[in-house]
Structure formats: structure tokens, C-alpha cells
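The values are calculated or read from the model by the stated rules, or taken from the named source; none is laboratory data. Remember, predicted model here, so these are calculated numbers, not experimental data. Note that we place each Cβ from the backbone using ideal geometry, even for glycine, and neighbour counts take in every protein chain shown. Please note that ligands, DNA and RNA were not included when accessible areas were found on the heavy atoms of the full protein model with its side chains. Shrake-Rupley method; radii C 1.70, N 1.55, O 1.52, S 1.80 Å.
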Amino acid sequence: MMDEAIVALLDEEFNLAVHDKPSILFSCDATELLNEYKMKQVLERYTPLVKGKDISVGEIYMAGWFRGPMLGMLYMLSAWNRTLDLSLENIQFQVHEAVYQDRKYVSCGLKLKNADWISGPEDEEEQETWITQSLGDYFAHTVRPIYETIERAGTLKSSMLWGQLPTSLAYGYDRLMDSDECESVKRKAEGNFKLAKELDPALFGRSKNPLAVPFRMTESLQDPNKQVRMKSSCCLYYLVDGGYYCFTCPRMKESERDSRREAYRLEKQEQV
């Protein structure tokens, strides 16, 4: 069993919990969501909680439940050569109220029923094989079945759901590499992130690995000398009550992005 410092790290950074979340609105075992009727029920209940104006918002937000655990797994494998049981049988989804900067919002945490460590081999060649297998199992047997059930029960193609992961993968990589983590962990993580993008596309049920996508870049909103990464897929925030197109949304026209830059920089100049 892990100590409380690691428990807190995994919960706060990667949305992986071993304790019940406070202010739970509803929860369900992950395996329940393999049932199409249950999935529809959850989507109908979840979408209004995240202020979605269309059921597709719930579908996209549910796809996002797997981003933190994906990054958490990569970190555990890189820092400790260990992982946790992230099978659907070991996961309970807990939709709960959370607070950020004094504002309440609805989030979803993944609670692990069994939090015993699974350690990898010490031999480097065996280790790479084990890591590849562990990552493949997560995407093939945890994420893919849920995405395919969302596709059957909802309105979006699974390609749109898979499209929510690459931007988070790239962001997580950048954040780790810019952190004060030791160099040995960073070197290991560099290889492990690469392994994730080299996984067999068949594990995802796709013709290409959905994590291995090229990113378009665009001029930053704030700094004309800086380029920022475009999102790999739309997050549908514009279909949330009070929402709008993100600045890096691939659906936004470049003319609108130019207008946003101009308006933002003009406002900043006036504040000086």
C-alpha cells in the first residue's frame, strides 16, 4: 500500500484516488458503463451537471476522465518503475463537486478499489517490454471499451473521443520536462512517452495510433514572438452554458484568431 504523500500526489496531479471524494453527486463502477443503457443514463445525468447544452458535451467530458490516469501511469512507470491496477474492474467513477479559486465546479475522480503496487522488472530490455504491455493494456482494455460504448450510446464517433488525449499527452510531457524532477526520471519519461505514441494502432481499434498526431502551431495570444500548440481536437466548450471557442481550437477560423489577438493586446495596452 502506498504512503499518504503518494496518495495525495496521485489524487491532486493525476485524478487517481484511493479514498472517496467529498461531495459525491453520483458514482458507478467502471464496468457498469460497458452497458449501453447504463451509459445513456449516466450521460443524461452528467451532461447537465457540467452545463452542457448538448449530450455530446457529456460524451467529450467523459472521454477526458482518462487523461489524468494516462499521465499518472506514465509518471509512475518513469519515476518508480511501478504502476497500479487501472483495469475497469478496479475503477469506480465518482462525479463530485470541487472548488478552484473559490469557484465550484463538477469533476470526476477515478477511485481505485485496490491500490497495491505492480512492480516492473529491473532488466532494461524486460522493463521496456513490460511498460509497452502496461500502456497497451490501459488503452486497449480500459479506455477503448468505454469510448466504444460512448460511441454506441451517444452521438460522437470514437475518433473524436480519442482526439481528446493527444493534447493532454503533449501538455503532460512539457510540464514534466519543465519541472524540477530529476534528470533520470525525465530521461525515462522521454522514452515512455515515445513508447505510448508507438503502440500498435490495433490496441486503440484505429488504423493509426491516435496519440501520435502532428500538432499545428499558432502565434500566441499574448506574445507575438511565441508559438503555441493547437488542440488536436475540439473540446466542445462552445456548447457549454457560457462557453466559447478556445483560442487554440482547430475549428476556429484564423481570421477570428487574429481578431482575438488584436483585441487582447489592445486591452492590455490600455491597462498600462
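A few remarks follow.
- Residue match in the range 156-174 (condition: surrounded by 15 or more Cβ atoms within 10 Å (Cβ to Cβ), of a type in the set (A, V, I, L, M, F, W, C) and in contact with a strand residue (DSSP E or B) (Cβ under 7 Å, 6 or more places away or on another chain)): yes
- Residues located in the range 178-207, provided they are loosely packed, with under 11 Cβ neighbours inside 10 Å and under 22 Å from Gly163 (Cα atoms): Ser207
- Picking from residues in the range 79-137 that are among the aromatic types (Phe, Trp, Tyr) and either within 27 Å of Met177 (Cβ to Cβ) or at pLDDT below 95 (or both), the one that is most open to solvent (accessible area, probe 1.4 Å) is Tyr100.
- In a residue-by-residue description of the range 94-109, the property of being within 25 Å of Lys188 (Cβ to Cβ) and of a type outside the set (Val, Ile, Thr) applies to no position.
- Any pair with Cβ under 7 angstrom, 6 or more apart, that starts in the range 159-179 at a residue that is free of Cβ contacts under 8 Å to residues at least 24 places away in the same chain and ends at one that is surrounded by fewer than 19 Cβ atoms within 10 Å (Cβ to Cβ): Met177/Lys186
- Only one of Leu165, Leu135, Leu161, Leu112 that is of a type outside the set (S, T, N, Q) and either within 18 Å of Asp11 (Cα to Cα) or more than 16 Å from the chain's Cα centre (by Cα) (or both): Leu112
- Applying a threshold of 7 Å to beta carbon distances and a minimum spacing of six or more residues, or different chains, the list of pairs starting in the range 1-15 at a residue that is in contact (Cβ under 8 Å) with a residue 60 or more places away in the chain and ending at one that is surrounded by fewer than 13 Cβ atoms within 10 Å (Cβ to Cβ) reads Met1/Asp116.
- Residue within the range 245-253 that is under 27 Å from Gly52 (Cα atoms), out of contact with any helix residue (DSSP H, G or I) (no Cβ under 6 Å at 6 or more places or on another chain) and in a helix (DSSP H, G or I) present: no
- Out of Lys21, Lys40, one residue alone is closer than 19 Å to His96 by Cβ and not polar (S, T, N, Q). It is Lys21.
- Filtering the range 138-159 to residues that are hydrophobic (A, V, I, L, M, F, W, C) and under 21 Å from Leu199 (Cβ atoms) leaves Phe139, Ala140, Val143, Ile146, Ile150.
- Residue match in the range 16-24 (condition: open to solvent by 10 Å² or more (accessible area, probe 1.4 Å), of a type outside the set (Lys, Arg) and in contact with a Phe, Trp or Tyr (Cβ under 9 Å, 6 or more places away or on another chain)): no
- Of all residues in the range 251-272, those that are closer than 28 Å to Leu211 by Cα and surrounded by 15 or more Cβ atoms within 10 Å (Cβ to Cβ) total 2.
- Selection within the range 227-244 - assigned to a loop (DSSP other than H, G, I, E, B) and under 17 Å from Ala170 (Cα atoms): Met230, Lys231, Ser232, Ser233, Cys234, Cys235
- Top-ranked residue of the range 209-249 - restricted to ones that are among the basic types (Lys, Arg) and under 20 Å from Leu165 (Cα atoms), ranked as farthest from the chain's Cα centre (by Cα): Arg216
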